[in-house]
Amino acid sequence: MLEAEQLTFAQPGQPLSYVYDLQVAPGEIVVVTGISGAGKSTLLDLIAGFLSPTAGALSLNGDDLLVLPPEKRPVSILFQQDNLFEHLSVAKNLALALPANDRQAKEKIANALDEVGLADYGPRRAHDISGGQKQRVALARTLLRQKPVLLLDEPFASLDDETAREMRALVRCLTDANQWHTLIVSHAKEDVRQLADRLYNLFEGRLNPEVL
Amino acid sequence: MNKAAPFFRTFDFPRRVIGLAIAAGITALMLMIFLAVSRADIPLSSSSLQPDIPHLVRMSLIQAALTTALSLGVGIALAWALNRLRFFGRQLVVSLFATAIVAPAIVVALGVIALWGRAGWINGLLSAFSLDWNGSIFGLHGILLAHTILNGAFAAHILLARLETIPARKLKTAQSLALSPLRRFMVLDWPAISSSLPPLGAIIFLLAFTSFPIVLILGGGPANQTLEVAIYSYVRLSFDLRAALNLALVQLVLCLLIVLPALLMTPSLADAGTSRHLHWPDNKNARILQWLILLLALVGFGLPLLAVLVNGLGPGLFGVLVQPRFWQAALTSLSIGTASAILTLALALGLATARNSFASPLARTALALPAFAYLVIPALVLSLGFFLAVRKLQIPPADAAPFVLILANALLALPFAISVLAPALTAIDRRYRRTARSLALGGFTRWRLVEWPLMGRAVGIALAFGFCFSLGDLGVIALFGTSEFSTLPWLMFRALGAYRTNDAAAIASVLLLLTLVAFWALPPLMKKLSHARS
Amino acid sequence: MLTRLVLTFTLALAASAPALAQQNPTLTVYTYDAFAADWGPGPALKTGFEQTCACTLEFVAADSSIGALRRVQLEGENTNADIVLGLDTSIVGEALATGLFAPHKVDTGALRVPENWRSPVFVPFDYGYFAMVYNTELMPTPPTSFEKLAGNPDLKIVIQDPRSSTPGMGLMLWIKAAYGDDAEEAWPEIAPRVLTLTRSWSEAYALFLAGEADMVLSYTTSPAYHLMVENDPRFAAAPFREGHYTQIEVAGILSSSPNKQLANDFLTYLISPEAQVFIPTTNWMYPVADIELPAGFDTLFVPQKTLLLDDETVTENAARWIGEMLKSFE
């Protein structure tokens, strides 16, 4: 269980402070909606460790996450874009998720690519594949990392409807299979309709549960 | 329809015209200088020295190549360390590293000697522990050390700026992937800096190839020399302008052939973000290495400059500060520096924006080459050429002096300013070109709305280079005969030539302080201004 | 009120008009920077001469005396210069060969110049002797000759490059004058003692003061500066058995000058006792007029044996000799 309790972020000189209370169970997909600037990305940055909260607690299965630097947190994060290093090949981008001396790297990468439906894409340059494919590769990379928490920041916003639908199915499938705690920040109604197990609306720095 | 758009109908036509006009103007100026010198028919009055040209070329090449390799290596290591570490006074250290290259060469040389010399701090420290270091700082290694201090610190400054433009999101992705320090460097840092390395290497190579006072002071004799010294002796000793010009042409062609490949390279994928606010320290081992690099750099680069500051802020300072001629020179230096900085920025932006609008490497090189070529023309030839040209135009040399100085120094700073601005512009261009085009944001509007707000810092650094270079040497107006007209560096050289070592040290430290302030204050100031406008 | 103001203004204009018409002639002197600098002899000479000449004296400073000569060569007949001041004996021959200078009409008969140096074209105005200067505290017993200097492996000296510096050229001539044809063998022995060859005197002297070398090539008068200005008696010039090479600074009138009479007047003034008193403490050289030297100069070492090669020989051979010298350093 991923738990945020009174997770607070306040910046000096800014009137609005953010206080988050949130729970995500294994295998569950929680969607957070809200208008731009409501503090959606701040929430993800706090969980991923790019921002430090001014107060509150954050834990996974009872283990305190706040003491960990971003790179040590059990978290994978996917942005709307720029998830891949465009000058590297798809395979190399995936290899970044594995230790440099992993002997089975090739195999694991091939499997992961297969799972997201991009079996032959390893040698291609990240620069040369489509936006949807990039997001799939990024998902494949989270597969390789096997981190129990998956954070998605408007992941399908720049994809066409069809691709977005496929991606959503993929996220659902991977979350179920791996029992991930998946948190999606989005303002796309489709994301809510198709994916959300639970829904929060972020308004004036507070998370309000909404009925689906 | 779009495949055959005539040249003058292209989207960035005004930018191209401005850039090409600047490049043509610089080329014409250089031609004028060479022509003016070659036309000056002076009967030879004494026998000529016959320098061993192949030997000089060989020595210059070896020295310049070593300097370039060392400086780039040191620059990368230092930029890497500075990018990862956070500590009190970091910004000041970053500014300090930028000052080395614009400080008068003799100041740096004396700083190196104050630290590493026989009577220097290191030896003093060693002998306090009754240790003896019998090495000498004089020789090829002394030249390399001084050159690496000058250029390595400069490279670090430029490369650090590149590292800070890695977009935050990329950094976050890499951090959440927990990349090891080595992988992080290869995946994130290397692509960000690699496109800056060729032009940076070209500048360093040219500077080292034509270095003069440092080579003579620290070289330990004529065994270590550059072509520039031979050119100097042709003019000064035998007044053989033809021979000097021929050698200058040899130097020009040789240097340009060497840096041409660097300029022909197309820039790789560059980013236009910022991750200055993000801090992701590497693991402990890497951090120890980074602190070690920083410490070494501070000792190697910082201390020589600190030695200059300390020596200058001694008893001589007050005596200098009460002299009206000091304030007059300071005022002149500041005015010339400011004018020159603005000119540098304008020319650099003109060239760099035009470069971006061309896809062909040939056109891009044609735009950059004149600026680099100017760097290779020996100061004495420049001085002669400007003098003769001004006379030809029937302007009294003393009246023309300030303008020549502003122009000459702005051109000198130009490659530096371009190397600061070009990567930022290229990155912005890649990202917003299509949007800008679809919105028909041409020339100035695009600059005002897109480029200027995103590159305030780079503009500040470019201005700082322009400003500080013009505080620098007066060599170019050596012949103009302007005893009324003096700047701080000139005052320093004068004091040095009249036994007044304390005065000279005081002025040198004032110069360094000015430079430090420029590099410390201008980038954030420009950033603030650019944001205020947007 | 207003009428009166306008009237005064008009009158003032009218009064200034004739003054503009018969403006004082300007005498333009090209010289080296240190001579025209605030602390050099220039300002005092300007004040002194302008009191008597009904003219304006203008010093135009090039970076060096050679620079001043080169500028005149470039400008040729069209030069503004009436006088080039500060050339030294190692370049006088070359300056003469340019044919740009005219004979002077100054009576130099009473001057006291080493080797009794005279020229129909150039007027000597001060002189000095090259010497190795050292710090007496750090080195109680300095070498007494180039031979001794070469024989002491612990010594480091700093000298100037003869291609770019007048003292550097002076040292080259010094060795040539002392050793003649053997100079070619002398240099390889001296070379290991040389820390470095700098571009100019300033850099060499700065290295010496920073403690990087035991001795520096300078002038026998250098210690006087430290003694008289800095009250520092530690510095001295080492007497060398071979004798000391002489540097004589001269001034010459350009044949293109329209102000020849005025130029001759100035040179006459320059070598007069009234002007010469400024030389020792502003240019740190010996005056050519018979005047009392300032206190402090009496502590200086004055060489008994002085050396000087004649101008023509120098002009003819300098480049070759420099080549010989530099070879020893490669």
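Points worth noting:
- Shielding by partners for peptide A:75-86, expressed as the average number of C-beta atoms from other protein chains within 10 Å of each residue's C-beta, is 4.
- Assuming charge only on the beta carbon of Lys and Arg (+1) and of Asp and Glu (-1), the dipole of chain B about its Cα centre is about 2160 debye to the nearest 20.
- Shown is the FRET efficiency for A:Asn208 and A:Ala10, computed with R0 = 30 Å from the Cβ-Cβ distance and rounded to the nearest 0.05: 0.95.
- Distance from the alpha carbon centroid of the stretch B:163-225 to that of the stretch A:48-116 works out to 29 angstrom.
- What the phi angles of the stretch A:19-25 give under the Karplus curve with 6.51, -1.76 and 1.60, with θ = phi - 60°, is a coupling list of 10, 10, 10, 7, 9, 10, 8 Hz, glycine and proline written as x.
- Relative contact order of the stretch C:198-330, pairs being alpha-carbon contacts under 8 Å that are 6 or more residues apart, as %: 26 percent
- Cβ neighbours within 10 Å from other chains - mean over A:88-96: 2
- Extension gain (nm, one decimal) between B:Phe444 and B:Val299, 0.36 nm per residue minus Cα-Cα: 47.7 nm
- By the Cβ distance rule of under 4.7 Å, the protein assembly as shown has these cysteines without a partner: A:Cys173, B:Cys255, B:Cys468.
- R0 of 41 Å, Cβ-Cβ distance C:Ala44-B:Arg58: FRET efficiency to nearest 0.05: 0.20
- Rounded to the nearest 20, the Cβ-based charge dipole of the stretch A:104-145 about its Cα centre (Lys and Arg +1, Asp and Glu -1) stands at 200 debye.
- Think of the stretch A:74-194 as having a plus end and a minus end, set by charges on the Cβ of Lys, Arg, Asp and Glu; of A:Leu174, A:Val75, A:Ile129, A:Val75 sits farthest toward the positive end of this dipole.
- Cα gyration tensor shape of the stretch B:232-389, rounded if a/c is under 1.5, else prolate or oblate by comparing a/b with b/c: oblate
- Shielding value for B:204-217 is 2, the average number of Cβ atoms from other chains within 10 Å of each residue's Cβ.
- Computed from point charges on the beta carbon alone (+1 for Lys and Arg, -1 for Asp and Glu), the dipole magnitude for the stretch C:129-281 about its Cα centre is near 240 Debye.
- Counting only lysines at least 8 places from C:Lys260 when in the same chain, those with an alpha carbon closer than 21 Å to its own are C:Lys46, C:Lys105.
- MRE, 222 nm, helices only [DSSP H, n ≥ 4, -39500 (n - 2.57), over chain C, to nearest 500]: -11500 deg cm²/dmol
- Applying both filters, DSSP loop and at most 16 other Cβ atoms within 10 Å, to the chymotrypsin sites (Phe, Trp or Tyr not before Pro) of the stretch B:105-199 gives B:Phe129, B:Trp133.
- Cα-based shape type of chain C, given that a ≥ b ≥ c are square roots of the gyration tensor eigenvalues and the cut on a/c is 1.5: prolate
- Based on C-alpha pairs under 8 angstrom that are at least 6 apart in sequence, chain B has a relative contact order of 24 percent.
- Each of B:Leu525 and A:Lys72 was given a label point 7 Å from its Cα along the Cα-to-Cβ line. The distance between the two points is 4.3 nm.
- Looking at the stretch C:83-169, the GluC sites (Glu not before Pro) that sit in a DSSP loop and have at most 10 other Cβ atoms within 10 Å of their own Cβ are C:Glu137.
- Cross-link partners of C:Lys327 among lysines, defined as those whose alpha carbon lies under 28 angstrom from its own and excluding same-chain residues fewer than eight positions apart: C:Lys148, C:Lys156, C:Lys176.
- Antiparallel DSSP beta bridges within the protein assembly as shown, percent to nearest 5: 55 percent
- Expected 222 nm ellipticity per residue - DSSP helices of 4 or more, -39500 (n - 2.57), all of chain A, to 500: -9500 deg cm²/dmol
- Distance (nanometres) between label positions extended 7 Å along Cα→Cβ at B:Phe129 and C:Asn78: 6.6 nm
- Distant-in-sequence amide H partners of B:Ile166 (H built 1.01 Å from N, under 5 Å): B:Ser275
- Packing, taken as the mean count of other beta carbons within 10 Å per residue, orders the peptides C:244-250, A:100-106 from highest to lowest as C:244-250, A:100-106.
- A straight Cα-to-Cα reach below 23 Å connects B:Lys172 with the lysines A:Lys40, A:Lys72, A:Lys92, A:Lys134, A:Lys147, B:Lys284, residues fewer than 8 places away in its own chain not being considered.
Taken together, the values in this text are just the output of simple stated rules run on the coordinates, not laboratory data. Everything quoted here is computed from the prediction, not taken from an experiment. When we count neighbours, we look across all protein chains shown, and the Cβ atoms used for this are built from the backbone with ideal geometry, even at glycine.
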